[in-house]
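See structure below.
The values are calculated or read from the model by the stated rules, or taken from the named source; none is laboratory data. Everything numeric in this text was worked out from a predicted model, so none of it was measured. FYI the Cβ positions are ideal-geometry reconstructions off the backbone, even for glycines, and counts take in every protein chain you see. Quick note on the areas: whole protein, heavy atoms, side chains included, nothing else; ligands and nucleic acids left out. Shrake-Rupley method; radii C 1.70, N 1.55, O 1.52, S 1.80 Å.
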Amino acid sequence: QVQLVESGGGLVQAGGSLRLSCAASGRILNINDMGWYRQAPGKQRELVAGTTSSGTTYYADSVKGRFTISRDNAKNTLYLQMNSLKPGDTAVYYCNADVRSTYYYSSKNYWGQGTQVPVSS
């Protein structure tokens, strides 16, 4: 089966930086849209940033200018560079991808297990 595994989370001070990674594995043919979501305690999961297979990127207004999403299609890996972190960025960050694999005739949507990013003030 296709798996998405996030890494790079951890405690960081306000103003600091972190880089999250999400590696997709399995019998993957191609990956379409990929994105990062986050869920803070007591809140709904929200889109942080996304990227299409052609490289178009989009961001939530709250992270524009501070976060950068990128992908390495050869490695089936998604990244999120987070700079100038704020306590309000504290959340569990999830990777999401629309993947076409040999397991199914059509693409399927997958989620990673999440990685914690606590930002201290």
In nm, the gap between the two label points placed 7 Å beyond Cα toward Cβ at Leu29 and Lys64 is 3.7 nm
Here, Gln44 and Asn73, labelled 7 Å along Cα→Cβ, have an inter-label distance in nm of 3.3 nm
Simple SL model, points at 7 angstrom along Cα→Cβ for Thr52 and Thr102; separation in nm is 3.0 nm
Phi angles of the stretch 40-49, converted by Karplus (6.51 cos²θ - 1.76 cosθ + 1.60, θ = phi - 60°) into ³J(HN,Hα) in whole Hz with x for Gly and Pro, give 8, x, x, 10, 7, 5, 10, 6, 9, 7
For the chain, the percent of accessible surface on carbon and sulfur atoms (probe 1.4 angstrom, ligands and nucleic acids excluded) is 47 percent
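Quick one, what does Rg over Rh come out to for the chain if you take C-alpha atoms and the Kirkwood Rh?
0.98
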Across the chain, qualifying lysine pairs (alpha carbons under 21 Å, at least 8 places apart or different chains) come out at 4
Percent of all Cα-Cα pairs per 5 Å bin for the stretch 1-43, counting from 0 up to the last occupied bin, reads 5, 13, 22, 22, 17, 10, 7, 3
